[in-house]
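Q: Please see the structure below; I have some questions.
The values are calculated or read from the model by the stated rules, or taken from the named source; none is laboratory data. Remember, predicted model here, so these are calculated numbers, not experimental data. FYI the Cβ positions are ideal-geometry reconstructions off the backbone, even for glycines, and counts take in every protein chain you see. Calculation scope for accessible area: heavy atoms of the full protein, side chains included, ligands and nucleic acids excluded. Shrake-Rupley method; radii C 1.70, N 1.55, O 1.52, S 1.80 Å.
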Amino acid sequence: MVAIDLRGKTSLADTMVVASGRSTTHVSAIADRLLRQCKTAGTATRVEGLSNCDWVLVDAGDAIIHIFRPEVRQFYNLEKMWGGLRPEEAHAG
């Protein structure tokens, strides 16, 4: 699991979490547990991808959680896309 600070990069959320499950069943179980915990905490969520569970996205307001099968996570490589410095940050250092 990787947590990426999105503050200053986008207005979508403050944090993005990228996690993996070993199979579609595991991805489904992780997503189900997360959704139950959000409901218990009173956090409104939107969810996509539960129908096939290759990639489940949970939008919990200030946090966006992606749960992937390993092959799908590697293909999309969100950590590289969102984890890097913005061009103005790279030149400032």
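Q: Report those strands (runs of 3 or more DSSP E) wholly inside region 1-92 carrying at least 1 residues which are touching a residue at least 60 places away in the same chain (Cβ under 8 Å).
A: Details: elements: 2-5, 15-20, 46-48, 55-59, 63-68.
Output list reads 2-5, 15-20.
Q: So Arg73 ticks every box in (1) of a type in the set (Lys, Arg); (2) touching a Gly at 6+ places or on another chain (Cβ under 7 Å); (3) open to solvent by less than 50 Å² (accessible area, probe 1.4 Å) but one. Which box is left unticked?
A: For Arg73, the failing item is (2).
Q: Report, by residue number, each residue of region 8-67 that is loosely packed, with under 12 Cβ neighbours inside 10 Å and on the phi > 0 side of the Ramachandran plot.
A: Correct list: Gly8, Gly42.
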